[in-house]
Amino acid sequence: MIYIEAPEELKECDRARSLFLAGGITSCPDWQFEMVTRLTSTNLVLLNPRRQNFPIGNLKAAEEQITWEHNALRLATEILFWFPKETICPIVLYKLGSWSMSAKKIYVGVHPDYERRRDVEIQTRLVRPEVDIVNSIWELASQVRLHWDNRGSLSNSEALVD
């Protein structure tokens, strides 16, 4: 696995299979850390928009962040979406709507207590009926690992062990 955290350069994405971790950042647990931990043994490039230190009041940093995410989403070969229960995630909803209309492989997970869960389920089903929405970080990571296992990137024993 190669790990790239905003605002690091995205050079590794130009030549590798990559997964953008789209989901709540503000006012929610660091679910990205858990996802990275579960996908460590893959050969993916993981693109994490959540920075360890983000100067929230700095307008220049906000523009840099948005630009980084814009570029990383376009370079990523696949996108993972997680909707935690703690926040509505309006920007993530926007990204899911936008990228659902593309041909990119997407994974969607929604916490059972997420306030707009039903909206995500219905909208995703209407546009991308092949997407199996799951209820936990563990299930979401398992989907990614199984997909890559089916493509020959992981051994069978690695695909389900967490």
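The values are calculated or read from the model by the stated rules, or taken from the named source; none is laboratory data. All values derive from a computational prediction rather than experimental measurement. Every residue, glycine as well, gets a Cβ built from its backbone with ideal geometry; the counts of neighbours run over all protein chains shown. The accessibility values were calculated without ligands, DNA or RNA, using every heavy atom of the protein model including side chains. Shrake-Rupley method; radii C 1.70, N 1.55, O 1.52, S 1.80 Å.
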Highest-fluctuation residue, E115, E130, E139 considered, GNM on the chain with Cα pairs under 10 Å: E130
Packing-based order for 42-52, 2-12, using average beta carbon neighbours within 10 Å, highest first: 42-52, 2-12
The chain, relative contact order in percent, only Cα pairs under 8 angstrom and at least six apart counted: 25
Protection-proxy order for peptides 96-108, 59-71, each taking the mean of Cβ atoms within 10 Å per residue, highest first: 96-108, 59-71
Area projected by the alpha carbon convex hull of the chain, averaged over all directions, nm²: 9.1
Accessible area (Å², per residue) of the chain, counting only protein heavy atoms and a probe of 1.4 Å: 53
Among I56, I91, I79, residue whose mean-square fluctuation peaks in a GNM of the chain (springs only between Cα atoms under 10 Å): I56
Percent carbon-and-sulfur accessible area, the chain, ignoring ligands, DNA and RNA, probe 1.4 Å: 54
Euclidean distance between Cα centres, segment 106-139 to segment 1-77, Å: 21
Estimated dipole of the chain in Debye, rounded to 20 [Cβ of Lys and Arg +1, of Asp and Glu -1, Cα centre]: 380
Highest-fluctuation residue, G109, G57, G23 considered, GNM on the chain with Cα pairs under 10 Å: G57
Computed over segment 1-91: relative contact order in percent, which uses C-alpha pairs under 8 Å that are six or more apart: 47
